[in-house]
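Each remark here refers to the structure printed beneath this line.
The values are calculated or read from the model by the stated rules, or taken from the named source; none is laboratory data. Predicted model only: the values in this text are computed from it and were never measured. With ideal geometry, Cβ positions are generated from the backbone for all residues, glycine too; neighbour counts draw on all protein chains shown. Please note that ligands, DNA and RNA were not included when accessible areas were found on the heavy atoms of the full protein model with its side chains. Shrake-Rupley method; radii C 1.70, N 1.55, O 1.52, S 1.80 Å.
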Amino acid sequence: MNGLVLAADVKAQLGEGPVWHPEEQALYWVDIDGKRLYRYDPADGSVTHQTFGIKIGAAVPCRGGGFLLAMQDGIYRLRTFGESEPKLAARPAEIHGGLRFNDGKCDPQGRFWAGTMTHGSGPSGQGTLYRIGSDLEPVPMVRGVSISNGLAWDAARRIMYFIDTPTQKVAAYDYDPETGDIANRRDVVHIAKEDGAPDGMCIDEEGKLWVAHWGGGHVIRYDPATGEKLERIAVPAALCTSCAFGGPEWDELYITTARVGRTEEQLVAEPAAGGLFRIRLSVRGVPTTLFEFEE
Ligand code: ZN
């Protein structure tokens, strides 16, 4: 597949969590280790960022403006990107110094889902995936998670997809859009070790999953109904972390990457590692859902 471009050469330590802001026609993403929220405007190519005092795992835009942030120790609200400071909105009872928030995304009804992972060298399986509704109360939905990552919803089929990275699998749940409840977990995609570790993902309008592979240097499109590989996008950075559809037609896939832990030699071979990439596809993605506050 051709046409991959380096949209923003920011050399992030741990670029993650791309999300297209439909009202601004801009792409936001985070550098978890760099403690930054980035904004890329494709209209003029400009890149701006805001740096925080603690790590930021994910940011989702809110209806009415601002962002909800999954930060190191809790959920924060950021009123205005680049201008205000994040304010703590909720801290789950289970969180402690050995855990931090990682990936997160809004479901089709505008609830924020974000999960935790072991921070540093603690034991695995200590994380939790939370659902945060308009009341900002984190509800534990999946426990025993090691590295909470990719999330996607197929609204038509009422399915939620979830990746706990070390399992090397994409799991599916029946998803109730009214209540936000999930049930009947099953594995739908098994990722071969030689392809890398499954990290972030997104879904297209055909219900197929686009999964970024940490250590694999690619994004792979899978059919969750059969588990088979459909397409592969090679990226000139081994640590592919996540992807999201954006652009005015929702047919541009943005891919985040990392450079953390790479050797000098490896970084010479992949100078754009840590950058934000973009490729136009022949399929459209499911549009971003904004976080919905209580009226
Ligand atoms: Zn991730």
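Tally time: how many residues in region 150-183 are free of Cβ contacts under 8 Å to residues at least 60 places away in the same chain, within 16 Å of the ligand (Cβ to nearest atom), part of a strand (DSSP E or B) and not small (Gly, Ala, Ser)?
Number satisfying all stated conditions: 6.
So is Gly144 more than 16 Å from the ligand (Cβ to nearest atom) and more than 20 Å from Gly285 (Cα to Cα) or not?
So Gly144 passes the test.
What are the residues in region 153-169 that are closer than 19 Å to Thr128 by Cβ, open to solvent by less than 50 Å² (accessible area, probe 1.4 Å) and not aromatic (Phe, Trp, Tyr), if any?
The answer is Met160, Ile163, Asp164, Thr165.
Taking the options Asp33, Asp44, name whichever one is outside any strand (DSSP E or B), under 22 Å from Gly115 (Cβ atoms), modelled with pLDDT of 95 or more and open to solvent by 10 Å² or more (accessible area, probe 1.4 Å).
It is Asp33.
So which residues in region 84-107 are in contact with a Pro (Cβ under 9 Å, 6 or more places away or on another chain), of a type outside the set (Gly, Ala, Ser) and surrounded by fewer than 16 Cβ atoms within 10 Å (Cβ to Cβ)?
Arg91, Glu94
Quick check on Arg278: is it more than 16 Å from the ligand (Cβ to nearest atom), of a type in the set (D, E, K, R) and open to solvent by less than 60 Å² (accessible area, probe 1.4 Å)?
Spelling it out, Arg278 is indeed more than 16 Å from the ligand (Cβ to nearest atom), of a type in the set (D, E, K, R) and open to solvent by less than 60 Å² (accessible area, probe 1.4 Å).
From the set of residues in region 214-234 that are within 16 Å of the ligand (Cβ to nearest atom) and closer than 18 Å to Asp103 by Cβ, which is surrounded by the most Cβ atoms within 10 Å (Cβ to Cβ)?
Across region 214-234, the extreme among qualifying residues is Val219.
Conditions tested, residue by residue: (1) farther than 21 Å from Phe245 by Cα; (2) open to solvent by less than 30 Å² (accessible area, probe 1.4 Å); (3) of a type in the set (A, V, I, L, M).
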site: Leu6; (1), (2), (3): no, no, yes
site: Val19; (1), (2), (3): no, yes, yes
site: Pro22; (1), (2), (3): no, no, no
site: Gly53; (1), (2), (3): yes, no, no
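Take the residues in region 198-213 that are surrounded by fewer than 21 Cβ atoms within 10 Å (Cβ to Cβ) and more than 20 Å from His21 (Cβ to Cβ), then tell me which one is nearest to the ligand (Cβ to nearest atom).
Lys208
Being more than 21 Å from Asp154 (Cβ to Cβ) and either touching a Pro at 6+ places or on another chain (Cβ under 8 Å) or open to solvent by 10 Å² or more (accessible area, probe 1.4 Å) (or both): is that true of Asp176 here?
Against the criterion (more than 21 Å from Asp154 (Cβ to Cβ) and either touching a Pro at 6+ places or on another chain (Cβ under 8 Å) or open to solvent by 10 Å² or more (accessible area, probe 1.4 Å) (or both)), Asp176 does not qualify.
Consider region 66-83. How many of its residues are surrounded by fewer than 13 Cβ atoms within 10 Å (Cβ to Cβ) and out of contact with any Leu (no Cβ under 9 Å at 6 or more places or on another chain)?
Residues in region 66-83 being surrounded by fewer than 13 Cβ atoms within 10 Å (Cβ to Cβ) and out of contact with any Leu (no Cβ under 9 Å at 6 or more places or on another chain): 2 in total.
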